[in-house]
Each structure stands twice: as C-alpha cells, then as structure tokens.
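Q: Following this message is one structure expressed as structure tokens.
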Amino acid sequence: MLKSRWTFLTLTALAACVIWGNYFFSLWPSLAKSLKNTLVFAGAFGLGVGIYRMTRQHTKFIQSRKENQWIYSILFLGTYFLILILGLLPPLTRNETFLWFYYNVGLPIDATMGAIVAFFYIQGAARGFKIRSTDSAILAVSSIIMIMRNAPIGAMIWGGFPIIGDWILSVPTTGTFRGIIIGTGIGLIAMVIRTIMGKERSFYGRDN
Amino acid sequence: MIVYGCVFIKIDIIKVFIICGKLYIRSIGKLIVAIKTMSEKVIDLIFFVLISGIIISALTKWVKFPKAKPIPVTNALRDIVGRCTEMGRSIFTDPGRWAGMSGSRAMAGFAGLSILSHVAHLCAEVDCKFVLVTQNAAALPLITEAIESRYLEYPSSKPPEIRFLPGVSGNPYENVFISMVEREKAGAVISIGPVGTSVGLRVGGISRTDAMSVMGTDRVDLVALMAVCCDYIVIGEEMFALGALLGGEEALLSSIGAQDIIKALIIGLILLGLILVNLGVPFTL
C-alpha cells in the first residue's frame, strides 16, 4: 500500500494544504511547524544513507585495488571517520582534538583551495570573453564596460563608462532579471500543481 | 455657423472624453488604493489561485491551450546519450547544490532531478554509463530512488553510479567534480539544478575538456557565463518545464502552453502599469 503512487500523492497534497493554509490564513501553526521539522529529520536520515553509500563505494575501490584510486580511498575513509568520531566525542562538536583538527587542518585547506581556484575562476571568465558568437560578443562588451565602470581608471579614460554602466545595470539587467524571475515563479507554481496532481512523477522514480 | 457648431460639438465630445477618462483613471486609482490596503498575502493568494486555476484547467483538459513547442535541449539529450554510448564514455550529471528540502531552490532541485531521471532512463535504454555526483545529503534517498528505479526495466545495463561528496563548501566540490570529469574522460556533463556561484569554476573546467555540456539553473546571474561556455543551456522556467516536455504527455504540454497565457496576462498588467504611471496614477503595490 505504501508503494502506491496514490498514497504518496495524497500525503503530498495534504502536506501542501497544511502549508498553504498556514501561509495564507495562519491555520494549523503547530502542524505546519511539525511538517517543516520533519524535513530536518528526513535530511538527517539522508545523511546516514549518504555515509553508508560513500563508505560502500570506497570500500569496493579498496577491495578491488582500483588503479589510481584505492590509496586515496583509504586516506579519505580514514580522515572522514577520524573527524566523525572526534566530532561525536563529548562535549559534542566542542571536543578539543576535534577543534584542533578543524582549525589547523580543515580551515587552512579550505582557504588554500579558495586561493588556488581563484585563478581557475579567472580562466573560466576569460573563456567566456572569447568572442565565438553574438552572445559571447555581447557578454564581452558589456563585461568590459562594467569593469571600466567599477574601476577608478575607467572614468578617467572616458567619462561615458560610468553612464553606460549605470544604464546597463538599471535597464537591460533589471528588466531581464525581472522577466526571468516572473517566468521562474510561474514555472515553479505550475510544477508544484503538476506534482500534487500526480502528473509530474519523474523525480520520484518510475511510474508506479 | 454650421462650422462653428461642429467645432463646439467636437470640443464638447473631447471634453466628455477627458472627463470620462479622468473618472476612469480615478476609479482605477481607487481600485489600486484598495488593493494597496489589502494584505500582501491576499494579493499572493489571488495570484496563486488564478495561476493554479489556469494550470489545473490545462491539466484536466477543461480548457484547451496551445501545446508547448520543444526547446532545443529536448532533442539534444537523446543525441548526447547516443554520442556517449558510441564513444564508450560516461555521462556526468549533477542536480545542483540544494540548500535543503524546502523553499523555491529545493523545487529547482526537484526539477533538475526530474530531468536527470529522464537522462538516466535514456542511458539505461542504450547501456550508457551514468554517473550522478551530489553533495546533497538530505535529498540522497530521493535521488537514489529516482535514478535507480529507472534501471529496473533494464537489468542488463550498467548500473548507475551515485557519488556522494560530503561537505558544504562549493569550491572543493567543484574541483572534485571537474577532476572526475577530466580523469574519467566524460563524454558529456549535464548539470541542471540550483547551483551556486562556484559553478563558474565548473563552467571554465568543462570548457577545457571535449565533453558536451548542458547546464541550467534558476539563478539569473549565472546564466550569462553558462550561455557562452556551454553547448546547451536551460534558463529559469525552462528548467521547470523540461521534465514535462521530456515526458511528452498531452496534458503536460498543454499546462506549459497555459503558462504562456499567464505570462501574456502579466505582460498586460505591466503594460497597464506603464500607461497608468505615465498618466500620473501610482501603480506600485
């Protein structure tokens, strides 16, 4: 019975009605809050599934001695479970060793990664500047104008850069943003309705 | 004398028009003031009911709306899967970095997953290797169900790989994603869903490889970079519609057609606002 599509759809429709009732008419506040909390529990359960799946996959890599992978898998699983256990030691997430690892290993690695990838961002942006089509030409020209608008030297080179830059920001950009946001909002509502009516089924698996 | 009479009549008619116009504008102005005094939620409710009503009437076929035309990426997905199968390469996918299971961004994640579920089905049909990489723990059971259930009808196909990368930071995730794409020489990358600014790294990385790229997001500020670097893009509402377009059911296509009618109504409202503002009536809600 639980596998039936109709059970799923009825539950979805009921949950939607509760949330809408709460938003529009301030009805059932405690029920709506409980439903929102359920999402947090579902997320926590999902994390458990994720850890299991990840561990199983890397264990397979280690067992099969997958080339260029199994050593990294050992390193990954070792580090992951070490941090996980340290985080669970009392006082929870405030354990001294855990915090030492966090501040002296995790944060510097994260900062280093951020510093390194900055160059790749620039590379990505530079690829965007390559004029291969009308789209990229428009992007390149407008980007150059915006760079010149923001850089102090831009106004010194030509006084028109700030004026054109302001116009790009306030007219085409705002107009386009609003157009896409309105379209997205309508699409979002339409998808919700399709889901509740059981017409949009692809994101929860094959048709039951 | 007659000429003078006609001129007077003309002037009178013009005066009447002006008076009627002013009265009309005043009444619209009063209506707008009345709307302004209404709670914001009441206006939300009116629009929600209106939009939902139109969509429901399309889905239940009460009203016939023009069917939506396919967008380029609809046919491209099948071609991409075919290309990867012929080349013996895998397809890397990502439903985006969701910030949870609720909110509009989560719905964008569901939309992305809906499209990737179709791609998984295409891969299962032709035995093409399908890899899904995700950082979203909360939606992992849903992702697993949506993808793996597509393979139930094709037990002899290569099973899909769902790779979970724990962490919250965007940059390391993008780095790992790109390195996997490069190392495993992926034939295509399909990344549709709620992505963050770190996706700039991915866009740059993918354009270094020979993988075909299909990307889409609900974030408007990231669309420009995708538009110039990717082979196909899915912008904003297309993302929500593509799952339905790929499904191909008549009611679904009609519901997308109905969205165009709603957009036309909104354009009408915008034009009305433009006219009223220029006539001196404030139209801001």
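Just so you know, all these numbers are worked out from the coordinates, no wet-lab data involved. As the structure is a computational prediction, the values presented were derived from the model and not from experiment. For neighbour counting, all protein chains shown are included, and Cβ atoms are generated from backbone atoms with ideal geometry for every residue, glycine included.
Q: Once you order the gyration tensor axes a ≥ b ≥ c over the Cα atoms, which shape class does the protein assembly as shown get: rounded for a/c under 1.5, otherwise prolate or oblate by comparing a/b with b/c?
A: Since a/c reaches 1.5 and a/b is larger than b/c, the shape of the protein assembly as shown is classed as prolate.
Q: Still on this structure, I have one more. Please report the spacing between the Cα centers of region A:135-208 and region A:3-26 in Å, no decimals.
A: 32 Å
Q: According to a simple spin-label model (label point 7 Å from Cα along Cα-to-Cβ), what is the distance in nm between A:Phe41 and A:Thr59?
A: Modelled inter-label distance: 2.8 nm.
Q: Starting from the Cα gyration tensor of region A:35-128, take the square roots of the eigenvalues, sort them a ≥ b ≥ c, and report rounded, prolate or oblate (rounded when a/c is under 1.5, otherwise prolate if a/b is larger than b/c, else oblate).
A: Rounded, because the longest to shortest axis ratio a/c is under 1.5.
Q: If Lys and Arg each add +1 and Asp and Glu each add -1, what is the summed charge of the other residues whose beta carbon sits under 9 Å from the beta carbon of B:Glu250?
A: After counting each charged neighbour, the total is +1.
Q: Over region A:53-126, what is the relative contact order in whole percent, taking alpha-carbon pairs under 8 Å and six or more residues apart?
A: Answer for region A:53-126 is 15 percent.
Q: At 7 Å along Cα-to-Cβ for each site, give me the label-to-label distance between A:Asn150 and A:Val105 in nm.
A: It works out to 3.7 nm between the two label points.
Q: Please identify, among A:Ala16, A:Ala111, A:Ala32, the residue showing maximal mean-square fluctuation in a Gaussian network model of chain A using a 10 angstrom Cα cutoff.
A: With Cα springs under 10 Å in chain A, the top fluctuation among A:Ala16, A:Ala111, A:Ala32 is at A:Ala111.
Q: To the nearest 0.05, what FRET efficiency results for B:Leu165 and B:Val63 with a Förster distance of 45 Å applied to their C-beta separation?
A: It comes to 0.50.
Q: Pop a pseudo-label 7 angstrom from the Cα along the beta-carbon direction at both B:Lys15 and A:Thr79 and give the gap in nm to one decimal.
A: 8.7 nm
Q: Using all alpha carbons of region B:52-169, what is the percent of pairwise distances in each 10 Å bin, ordered from the shortest bin to the longest?
A: Bins of 10 Å from zero give 13, 35, 31, 18, 3 percent of pairs.
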